[in-house]
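Engineer: Just dropping this structure here.
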Amino acid sequence: MANVWELGAAILGGLGALVGIRAGTEQPRYTLVERLGKVEIRHYGPRLAAQATVSGSATAARSAGFEAVAGYIFGANTTKASIAMTAPVAQSAAGRSQSIAMTAPVVQTADGPASWKVQFIMPARYTRETLPVPTSDKVTIVELPAQDYAVLRFSGSRSGRAVERRTGQLTQALAGQGWRVTGPPTAWFYDPPWTPSFLRRNEVAAPVARGG
């Protein structure tokens, strides 16, 4: 049986999503600051996001978080308005505010369920004042400040283990390059689950600043 993530993505993606086509889906704008091999340093401006915090494995949390935030953009808000879907869907570990060692992958501890943040970036036309208020206490609107990110793009599996491996590659690639990681990493997913593996656009990103 299709899980909530698959069903929601089917509704949001339309016919093009059947093969991973993202035509017409708004994505946050960024400026390319520097290219370090396969890693891009990107500057993103301030953004608004609808966010749910959920527990469980990386994959299960992604599905639960998607369900909560998809409900908001489908009309579970004070104006009952539908909000256009954007890409990517962002997922990050909650409660990890410390800096990440430049040469070490991020590891999910096994002593109890993990906590994850799942975010949909809101379309750029909205402000905090014009964005509908969620009616579910599971969803909050957060303001993301302007930030430089180191980003590594990959296709294929987006399991928790795959994301950890790619995050390790990202942090190792930054070593000695004049950038330091300043916060927890985030995984960005652009395609529905049935998209052929080799066509998927997935990214791992970490906030960075010059120095180090």
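Engineer: Within the range 47-83, restricting attention to residues that are surrounded by fewer than 14 Cβ atoms within 10 Å (Cβ to Cβ) and under 14 Å from P123 (Cβ atoms), which residue is nearest to the chain's Cα centre (by Cα)?
Structural biologist: Among residues in the range 47-83 that are surrounded by fewer than 14 Cβ atoms within 10 Å (Cβ to Cβ) and under 14 Å from P123 (Cβ atoms), the one nearest to the chain's Cα centre (by Cα) is S82.
Engineer: For the range 66-100, enumerate the residues that are modelled with pLDDT under 75 and among the small types (G, A, S).
Structural biologist: A94, G95, S97, S99
Engineer: Within the range 156-205, how many residues turn out to be surrounded by 19 or more Cβ atoms within 10 Å (Cβ to Cβ) and touching a helix residue (DSSP H, G or I) at 6+ places or on another chain (Cβ under 9 Å)?
Structural biologist: 14
Engineer: Checking the condition modelled with pLDDT under 90 and buried (at least 16 other Cβ atoms within 10 Å of the Cβ), which residue from V151, V118, V107 passes? Lay out the reasoning, then the answer.
Structural biologist: Working: V151 fails: modelled with pLDDT under 90; V107 fails: buried (at least 16 other Cβ atoms within 10 Å of the Cβ).
The conditions single out V118.
Engineer: For the range 121-141, give me the residue count where each residue is loosely packed, with under 12 Cβ neighbours inside 10 Å and touching a residue at least 60 places away in the same chain (Cβ under 8 Å).
Structural biologist: 2
The values are calculated or read from the model by the stated rules, or taken from the named source; none is laboratory data. Just so we're clear, the structure is a prediction, and the values are computed from it rather than from any experiment. Because the Cβ atoms are built from the backbone with ideal geometry, glycine has one as well, and the counts that use them run over all protein chains shown.
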